[in-house]
Amino acid sequence: MNAPLIPAVHASAVQTDGGALIFLGPSGAGKSTICELLSGYAPQIAADVVYLVPGPDGRWGVADGGRRAYEGPLSAEEATALRAIPLRAIFRLFQAPTSRLRPLGGLETCRYLTDALFEVAWQRDYDLASKKGLFAHLAAVCRTAPGYELYFNLSPATLELLKL
């Protein structure tokens with residue numbers, strides 16, 4: 001039996017009352033910084049890589065990828081054992097002098113998720129059918145969770161934008 005494809009994306013994540021927020025961006029975009037800024041309000045789920053886990057209700061969850069995510073695909077047993085927090089929103093980070101939020105459409109959000117997917121290098125080596133399956137997963141994620149561009153700084157305005 002083949003293991004299910006569980007996308008791993010280069011992202012940080014925190015848990016809020018409403019679910020998980022994930023933060024995307026290349027190295028240096030501020031993923032660790034935003035988690036530190038939110039640390040008094042929202043516990044960190046993951047610092048570097050998250051798994052996007054399909055739920056039985058059609059919604060998606062977020063689980064810490066940890067170091068394991070860089071080793072290759074999960075086995076079926078590992079995938080079943082993941083404990084995921086329901087995904088609330090996806091944010092592509094940009095450091096800026098003034099904090100602001102720009103809603104994204106599904107296609108833009110999916111593009112950012114795809115970039116983050118392929119920052120976990122071993123996923124680039126999947127065969128075409130597997131890559132299509134991963135893209136279908138990302139599209140499903142984007143249909144169930146809103147996406148935003150978050151231009152942020154270290155001010156309380158960033159917390160207000162995130163409603164924390």
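The values are calculated or read from the model by the stated rules, or taken from the named source; none is laboratory data. Values in this document were obtained by computation on a predicted structure and should not be read as measured data. Note: ideal-geometry Cβ built from the backbone for every residue, glycine included; neighbour counts use all protein chains shown. Protein only, heavy atoms only, side chains kept; ligands, DNA and RNA dropped before computing areas. Shrake-Rupley method; radii C 1.70, N 1.55, O 1.52, S 1.80 Å.
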For the chain, what does the alpha-carbon gyration tensor say about shape, rounded, prolate or oblate, given a ≥ b ≥ c as the root eigenvalues, a/c under 1.5 as rounded, and a/b over b/c as prolate?
prolate
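Report in % the part of the accessible area of segment 1-48 that belongs to carbon and sulfur, leaving out ligands and nucleic acids; probe 1.4 Å. Walk me through the numbers before you get to the answer.
Values: 950 of 2040 Å².
Percent of accessible area from carbon and sulfur atoms in segment 1-48: 47.
Starting from 0.36 nm per residue, how many nanometres of slack lie between D17 and K163 once their C-alpha separation is accounted for? Present the calculation step by step, with values, prior to reporting the outcome.
On the way: separation 146, 0.36 × 146 = 52.56 nm, distance 1.07 nm.
Fully extending the segment from D17 to K163 adds 51.5 nm.
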Given the options T80, L162, F23, identify the residue whose Cα lies farthest towards the positive end of the charge dipole of segment 20-164 (+1 on Cβ of Lys, Arg; -1 on Cβ of Asp, Glu).
L162
Of T144, L128, F118, which is farthest on the positive side of the dipole of segment 88-148, counting Cα position, with +1 on Lys and Arg Cβ, -1 on Asp and Glu Cβ, and the Cα centre as origin?
T144
With r as the distance between the Cβ atoms of Y41 and Q95 and R0 = 25 Å, compute the FRET efficiency 1/(1 + (r/R0)^6) and round to 0.05.
0.80
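Per residue, what accessible area does the chain have, given a 1.4 Å probe and all protein chains present, in Å²?
Heavy-atom SASA per residue in the chain reads 50 Å².
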Gain on full stretching of the segment that runs from D115 to L82 - 0.36 nm per residue minus C-alpha separation:
9.6 nm
Which residues does the label zone of S130 cover in segment 1-39, counting backbone N under 16 Å from a point 7 Å along Cα→Cβ?
1-9
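Can you give me the % of accessible surface on segment 65-164 that is carbon or sulfur? Probe 1.4 Å, all protein chains present, nothing else counted. Numbers along the way, then the final one.
Working: 3180 of 5490 Å².
Exposed carbon and sulfur together represent 58 percent of the surface.
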Can you tell me how segment 94-133 classifies by the Cα gyration tensor, rounded, prolate or oblate, using a/c under 1.5 as the rounded cut?
oblate
How large is the dipole of the chain about the Cα centre if only Lys and Arg carry +1 and Asp and Glu carry -1, each at its Cβ, rounded to the nearest 20 debye?
360
Probe 1.4 Å - accessible area at E78, Å² to nearest ten:
70
Determine the calculated [θ] at 222 nm for the chain from helices alone, applying -39500 (n - 2.57) to every DSSP H run no shorter than 4 residues and normalising by the residue count; nearest 500 deg cm²/dmol.
-9000 deg cm²/dmol
Calculate, in nm to one decimal, what A139 and L107 gain on full extension: separation in residues at 0.36 nm each, minus their alpha carbon distance.
10.7 nm
Using only the Cα atoms of segment 7-91, build the gyration tensor, take square roots of its eigenvalues as a ≥ b ≥ c, and label the shape rounded, prolate or oblate: rounded if a/c is under 1.5, else prolate if a/b is larger than b/c, else oblate.
oblate
